[in-house]
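Data block below; observations after.
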Amino acid sequence: MLNTENNQQLRGFEDFQSFVWSDIFVGSISLPDAFLRRCFFHYIRFPDADTLRAIVAVHYPHIQQQLLSTALEVFFELRELPGLKKKPSTSELLDWLKLLLAEDIPPEVLTDKQQKGGLMPMFGALLKNEQDVALVEKLAFLAKRQGR
């Protein structure tokens, strides 16, 4: 193989094989023990609020801090909701914030339970699974019905 930056020939192991396995639905597939013994595992913890703030600052440096704080509270609350098939990720948080900024949504609307049936605005950006959307809609309906 030729390195195009300096025209040097690169040599590697002819029998080298690399596999990357990303199991976003942890536990959804069982792999054979013989395969697992040959794997190197690296688990990446989900970013905490401070790390997410830093990530958001790179993408939206002028975001209003009250909006970001409220959005992160709602985001982490949603991630902790029992029964979600797919918890919202950093990417979904960034997409959601982009929509909130584009629509100029004030922070207080994010936690206003009287807003649109008790649902947070643009929640479809956070939930990518039809069952998760149905779960959140049902919980919002029940909360509104109970007057919370």
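If Pro106 satisfies every condition in (1) within 13 Å of the chain's Cα centre (by Cα); (2) surrounded by 12 or more Cβ atoms within 10 Å (Cβ to Cβ) but one, which is the exception?
Tallying (1) within 13 Å of the chain's Cα centre (by Cα); (2) surrounded by 12 or more Cβ atoms within 10 Å (Cβ to Cβ), Pro106 fails exactly one: (1).
Need a quick list: helices (runs of 4 or more DSSP H) entirely within the range 1-89 having at least 1 residues that are within 27 Å of Thr111 (Cα to Cα) and modelled with pLDDT under 95.
Values: elements: 33-36, 49-59, 65-79.
Ranges flagged: 65-79.
The values are calculated or read from the model by the stated rules, or taken from the named source; none is laboratory data. Since the model is a prediction, treat every value here as computed from it, not as a measurement. Every residue, glycine among them, receives a Cβ derived from its backbone with ideal geometry; neighbour counts consider all protein chains shown.
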